[in-house]
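Working notes for the structure below.
The values are calculated or read from the model by the stated rules, or taken from the named source; none is laboratory data. Quick caveat, the model's predicted, so the values are computed rather than measured. Here the Cβ positions follow ideal geometry from the backbone for every residue, glycine too, while neighbour counts run over all protein chains shown. Protein only, heavy atoms only, side chains kept; ligands, DNA and RNA dropped before computing areas. Shrake-Rupley method; radii C 1.70, N 1.55, O 1.52, S 1.80 Å.
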Amino acid sequence: MNCIKQTTLKKKKRNKKEKRKLHNSTNGHNMKRNTHVCTFIMDTLNEDCLFQIFSYLNLKDQISLEQICTHLSQAVKRYWIWKYKHCECHFLKQPLSSHELQILLAAICETVEIMEFRFFNKLQYETLKKFRYVKAWNFRFTQLSPYFMNDNDIKDLADLFPNLRSFSPHGNFTGEHIKSWPSLTDLSLSYCCKLNPLTFAEIMDKLKLEKLQLNIFPNYKATDIFNGLDLQTSYVENLTHLKLNTYEFYYFVCERLPALQQLILTNRYNPQQIFDVLLSKWKYLEIMALETSNINHILINCLNLNMNVEKLVIINDVNALPLNVIDSLHQLTQLRELSFNACELDVSVIQRLLYSGCSHLELISIALCQFNEAFLKLNVRDIIINRNKNLRFNFYSNTLENINDSELQTRNVTLELNGTHSLFEVTDMPNNKLLYEPLCVTFHSKQTNLKQ
């Protein structure tokens, strides 16, 4: 009897195992069939559809998709070549393993033109060095702390990027070996933590730079650092763009800068002193535009020093448009565009400006400013009196802030117009490409009458 029971139990166990195997094999077959169906469907899609699908995936998911089959691998790589002419990798926001990064770089190394690596580590840097990037002309990077790169790595990078023109390194670099990279024309040294002044002088002597960004030498040491340098033997005549602090600025303007198109100061300044220096080197007709941020009373200084520019952009000025200045704006005869961004303004002051008869102005722009009233009411006929050219009035996202019951409340300021006229146009557009640096000076492209 016991034998019969044992035999029956064994049969039941065997049947269960067989059923389980059959179930698993069926599921496996279904999974394979589903995979084949999915792959077959992907095979039928044209490249535009595939690229649209890839665009919804992050980089890590694209890398996973690239490894499924040959068809998808080739499609993903073509997508990368198309998309990553400008390759920006922020490794803190989207971590990539060295293997994943290698798959990406292997696909784009021959076609990528701009590379930005943010917060990469030593393993990722070693992966970068496995390829050469012959079409890349711009490379910028920041390292994770502690910094693992040194001056000798600059020589390796020069070999990896033989045609590089724009370079922004970050780390404990002294500037050594940069001078031996003849293709460079755009150089940012702001993040070379150990930049050596003598090495910097050699860079200026050897490279024909067109764009230079400093803001690295401490203000209180800049005078001593620059005393030993001589710009007369360097290629400063090629510089078109300069970005530096005020102490570095005083050093550079000692020399003739005939090609300069844009000057950016990165720290707060005394307008009277800076404008005096500018006008000592350039005539006001050679200065096309000023954009100034976080510096008060700019309009007053422009009037006092006859800074007669064509375009003036004032950002974050608590006293951007004093009443006593409006009546004197006609003295800035070259001024065509006057813009206020993130300033504090009064409704009555803007009305006074528009009714003042400054017929030489062609654009008045007010964007993201704070007003003292909720409505700006304008009579169009009073604005166009004595005008013979168009005036565009740009009014974008301006607000009124009130404190009610200890709570800050914000509402949009409403523009109310009485009448219309062909000479008066109203637009509602943000001010694009604002730098928000303390000062940006734009020069006319051809400076033919520089002061000696």
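Some notes on this structure:
- Residue in segment 391-404 that is of a type outside the set (Gly, Ala, Ser), out of contact with any strand residue (DSSP E or B) (no Cβ under 8 Å at 6 or more places or on another chain) and surrounded by 14 or more Cβ atoms within 10 Å (Cβ to Cβ) present: no
- Cβ separations smaller than 8 Å between residues 6+ apart or across chains give the following pairs from segment 232-254 residues that are more than 19 Å from residue 185 (Cα to Cα) to residues that are of a type in the set (Lys, Arg): 253/281.
- Candidates 366, 383: the one that is at pLDDT 95 or above, closer than 19 Å to residue 326 by Cβ and open to solvent by less than 30 Å² (accessible area, probe 1.4 Å) is 366.
- Evaluation of residue 335 against (1) open to solvent by 40 Å² or more (accessible area, probe 1.4 Å); (2) modelled with pLDDT of 90 or more; (3) in contact with a His (Cβ under 7 Å, 6 or more places away or on another chain) (one fails), failing number: (1)
- Pairs linking a residue in segment 282-302 that is under 26 Å from residue 255 (Cβ atoms) to a residue that is part of a helix (DSSP H, G or I) and open to solvent by less than 10 Å² (accessible area, probe 1.4 Å), with Cβ atoms under 7 Å and 6 or more positions apart or on different chains, are 287/278; 292/298; 301/275.
- Only a single criterion out of (1) crowded, with 18+ Cβ neighbours inside 10 Å; (2) touching a Pro at 6+ places or on another chain (Cβ under 8 Å); (3) modelled with pLDDT of 90 or more is not satisfied by residue 226, namely (3).
- Subset of segment 405-425 (residues that are more than 33 Å from the chain's Cα centre (by Cα), among the aliphatic types (A, V, I, L, M) and open to solvent by 70 Å² or more (accessible area, probe 1.4 Å)): 417
- Hey, residue 308 modelled with pLDDT under 90, within 27 Å of residue 254 (Cβ to Cβ) and surrounded by 16 or more Cβ atoms within 10 Å (Cβ to Cβ) or not: yes
- Test result for residue 350, surrounded by 20 or more Cβ atoms within 10 Å (Cβ to Cβ) and either in a strand (DSSP E or B) or among the basic types (Lys, Arg) (or both): no
- Test result for residue 378, closer than 22 Å to residue 323 by Cβ, open to solvent by less than 70 Å² (accessible area, probe 1.4 Å), touching an Asp or Glu at 6+ places or on another chain (Cβ under 6 Å) and touching a residue at least 24 places away in the same chain (Cβ under 8 Å): no
- Listing of helices (runs of 4 or more DSSP H) fully contained in segment 40-130 that carry 3 or more residues being on the phi < 0 side of the Ramachandran plot, open to solvent by 60 Å² or more (accessible area, probe 1.4 Å) and of a type in the set (D, E, K, R): 70-83
- Within segment 195-212, the set of residues being more than 13 Å from residue 234 (Cα to Cα), under 25 Å from the mean Cα position of the chain (by Cα) and not hydrophobic (A, V, I, L, M, F, W, C) comprises 211 only.
- Within segment 229-265, restricting attention to residues that are modelled with pLDDT of 75 or more and of a type in the set (S, T, N, Q), the residue that is nearest to the chain's Cα centre (by Cα) is 262.
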